[in-house]
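All remarks here apply to the structure that follows.
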Amino acid sequence: MGQITLEKVTKSFGATEVIPPLDLTIEDGEFTVFVGPSGCGKSTLLRLIAGLEDVSSGVMRIDGKEATNVPPAKRGLAMVFQSYALYPHMTVRKNIAFPMRMAGIDQAEQDSRIKQAAAALNLTDYLDRRPGQLSGGQRQRVAIGRAIVREPSAFLFDEPLSNLDAALRVGMRMEISELHEKLKTTMIYVTHDQVEAMTMADKIVVLRAGHVEQVGTPLELYKTPRNVFVAGFIGSPK
Ligand code: ADP
Ligand code: MG
């Protein structure tokens, strides 16, 4: 469960239309990457899906059910923020438990989900540390752990690796891809980095000025880019 559909969704800030009418389907279980230059509307689109921004018009569905006006916490989606969004005074365990405490999940269930998430993310030995005692990659894993325990129908990532150094970024890319293999949950991953898009995606959505230029697998976009913008962005020879 985790198909997300946008039907003629628009978003304006004041008089500026950042997202013109947009139709898009994110298939259940796929790793979809939104890619495009800075300012093209990637974060806005992700925030609309998460419910952190209201659409100006149009309809959004999750698994076929209208979700346009459903509050963020009730959408069953988990946004993964950059690791600096962790609570520095709380242990890893408490950081991961936080959304479950907010949701009123009982202690035994919390403990069991923390154990599973920690095992999936190689954090078992770090549960009693605080974020300040962890490496950048470990902190990023804690941020992902906090999303996993909510058992969302989709994960939404907004440039989660942009504050990590280059070497760490490569490792975390692989870890996130592995996590997708394990969980098989829908993931939407926003980046302006072509390499991330090409190496991680089942499907790439190329955005330009708030509209979809092309949707396809990395190979499709590489072999048959629709235009010079897509070709230039994906790095193919057209
Ligand atoms: P990206 O994530 O692709 O860099 P954004 O979605 O952050 O792009 O922004 C898309 C456009 O919308 C930009 O021109 C940005 O200035 C504008 N924008 C984003 N959020 C707001 C806001 N809260 N108020 C006004 N303009 C905004
Ligand atoms: Mg952004």
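Annotations
- The strands (runs of 3 or more DSSP E) falling completely within the stretch 131-238 that include 1 or more residues that are closer than 26 Å to Met90 by Cβ map to 154-158, 186-191.
- Pair list, Cβ < 7 Å and 6+ apart or interchain, from the stretch 190-216 residues that are within 10 Å of Lys42 (Cα to Cα) to residues that are polar (S, T, N, Q) and surrounded by fewer than 22 Cβ atoms within 10 Å (Cβ to Cβ): Val190/Ser43; His192/Ser38; Val206/Gln214
- Selection within the stretch 182-238 - within 16 Å of ligand 2 (Cβ to nearest atom), under 14 Å from the mean Cα position of the chain (by Cα) and surrounded by 20 or more Cβ atoms within 10 Å (Cβ to Cβ): Ile188, Tyr189, Val190, Thr191, Glu196, Ala197, Val205
- A search for C-beta distances below 8 Å between a residue of the stretch 79-97 that is without any contact (Cβ under 8 Å) to a residue 12 or more places away in the chain and any residue that is surrounded by fewer than 16 Cβ atoms within 10 Å (Cβ to Cβ) and of a type in the set (Ser, Thr, Tyr), counting only pairs 6+ apart in sequence or on different chains, returns Lys94/Tyr87.
- When the criteria are applied in full, Met1 meets the requirement of being at pLDDT below 95 and either in a loop (DSSP other than H, G, I, E, B) or away from ligand 2 (no atom under 16 Å from the Cβ) (or both).
- Residue within the stretch 13-21 that is under 16 Å from the mean Cα position of the chain (by Cα), crowded, with 17+ Cβ neighbours inside 10 Å and in contact (Cβ under 8 Å) with a residue 60 or more places away in the chain present: no
- Scanning the stretch 35-67 for residues that are away from ligand 2 (no atom under 16 Å from the Cβ), assigned to a loop (DSSP other than H, G, I, E, B) and crowded, with 17+ Cβ neighbours inside 10 Å yields Gly51, Val55, Ala67.
The values are calculated or read from the model by the stated rules, or taken from the named source; none is laboratory data. Model, not experiment: these values are computed from the prediction. Virtual Cβ from ideal backbone geometry, glycine too; neighbours counted across all protein chains shown.
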